[in-house]
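One structure below.
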Amino acid sequence: MATRAEKVGASIIANEARWKAIQKAVGAAPADGWPGKGTVAALETKLGIEVTVPAAKPPDVSKKGAASGTSARKQWPKPDYNSMVAFYGKPGNESKLVRVTFPYRMRLYKRGAALNVRGHRVHTTCADSLVAILGDLLKKFEKDGLEEHGLDVFGGIYNYRKVRNGSSTSKHSWGVAIDLNPNENRNR
């Protein structure tokens, strides 16, 4: 009998083939098996759909001030190297990391792996936000929905390295990025 991880792996491969067939049928290029903006545009054109989508509202990352009760928007850095260093410090500085406990069980990303991950090290500045966001995912999707969307598949947070297929420093080098469902997202 196939394990859950083997079933997820087979599903990912099957879905990639399905998306490639859909992309070819609607003229999306490239037909890479990973639906994105190009696939959506090709589907809309093929089906004659005209939709005006309002601009996405930025997430509310405000926090109540402890003494005054006023809201102050948390200011995150721009994603360039100098802004990241000014805000988080030098990449690879493990003294800035704290261990957080995830609000739900995650599985380590590896085909066939059944290794549970309860928490990980993250930059101290992002720790509360990460736990809150994962808690929101748990509330919204519940256990079955998390598994269905692969949001319980953990690919890592802190890893001092360059970006994949590039030369710039990865956000993982500060412990400020998380990979969820890396089987399917493939940096897209």
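Averaged over residues, the count of other Cβ atoms within 10 Å places the peptides 95-104, 79-88 in the sequence 95-104, 79-88, highest first. Rounded to two decimals, the Cα-based Rg/Rh of the range 75-185, with Kirkwood Rh, is 0.98. With a Förster radius of 22 Å applied to the beta-carbon distance between Val85 and His149, the computed FRET efficiency rounds to 0.05. FRET efficiency for the Ser167 to Ser129 pair, using the beta carbon distance and R₀ = 30 Å, is estimated at 0.60. Applying the Karplus relation 6.51 cos²θ - 1.76 cosθ + 1.60 with θ = phi - 60° to the range 128-135 yields 3J(HN,Hα) values of 5, 5, 4, 4, 5, 5, 5, x Hz, where x marks Gly and Pro. Counting neighbouring Cβ atoms within 10 Å and putting the fewest first, the residues Glu184, Glu50, Glu44 line up as Glu50, Glu44, Glu184.
Where a number appears in this text, it was derived from the coordinates with a stated rule and is not lab data. For clarity, every value in this text was computed on a predicted model and none was experimentally measured. Using ideal geometry, Cβ is built from the backbone for each residue, glycine included, and neighbour counts are taken over all protein chains shown.
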